[in-house]
Amino acid sequence: MATIGEAVDNYKPSTKTMNIADLNKVSIDLQVEIDSFEFTKDGETKTVEQEVIIIDDVKYRIPVTVKQQLKILMEDSPDLKFFKVKKSGTGKDDTRYQVIPILN
């Protein structure tokens with residue numbers, strides 16, 4: 001049996017999708033999957049599809065702007081294997097992403 005502290009340390013939320021910017025290092029060889037979820041706004045249920053990568057059963061969303069920047073980096077550096085993403089801003093309208101190549 002685990003203690004409460006050990007259980008908390010091992011807890012990973014299963015319903016929330018994380019953001020690729022939450023990772024320290026991302027391989028360009030990870031498989032992309034389509035994920036969908038439903039939400040209700042103003043009494044209307046909508047379905048949203050998003051591209052994600054899955055690491056240790058945790059989904060990480062890939063914003064379109066990350067893919068756009070990564071495409072440019074890969075055109076100039078075809079041997080690129082890893083990158084990371086810096087995120088700034090807090091809301092839908094002011095969030096910005098910066099893709100940074102990791103060379104090693």
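The values are calculated or read from the model by the stated rules, or taken from the named source; none is laboratory data. No experiment lies behind these values; they were computed from the predicted model shown. Backbone-built Cβ (ideal geometry, glycine too); neighbour counts: all protein chains shown.
Odds and ends about this structure:
- Pairing each residue of the stretch 20-32 that is free of Cβ contacts under 8 Å to residues at least 60 places away in the same chain with any residue that is assigned to a helix (DSSP H, G or I), provided the two are 6+ apart or on different chains, yields C-beta distances under 8 Å for VAL26/ILE20; ILE28/LEU70; ILE28/MET74.
- Selected residue (criterion: farthest from ASN19 (Cα to Cα)) from residues of the stretch 81-95 that are at pLDDT 95 or above and out of contact with any Phe, Trp or Tyr (no Cβ under 9 Å at 6 or more places or on another chain): LYS81
- Among strands (runs of 3 or more DSSP E) entirely within the chain, having at least 3 residues that are surrounded by 11 or more Cβ atoms within 10 Å (Cβ to Cβ) and out of contact with any helix residue (DSSP H, G or I) (no Cβ under 9 Å at 6 or more places or on another chain) singles out 33-41, 44-55.
- Pair list, Cβ under 8 Å, 6 or more apart: the stretch 50-68 residue within 11 Å of ILE20 (Cβ to Cβ) and free of Cβ contacts under 8 Å to residues at least 60 places away in the same chain, other residue of a type in the set (D, E, K, R) and assigned to a helix (DSSP H, G or I): GLU51/LYS67; TYR60/ASP22
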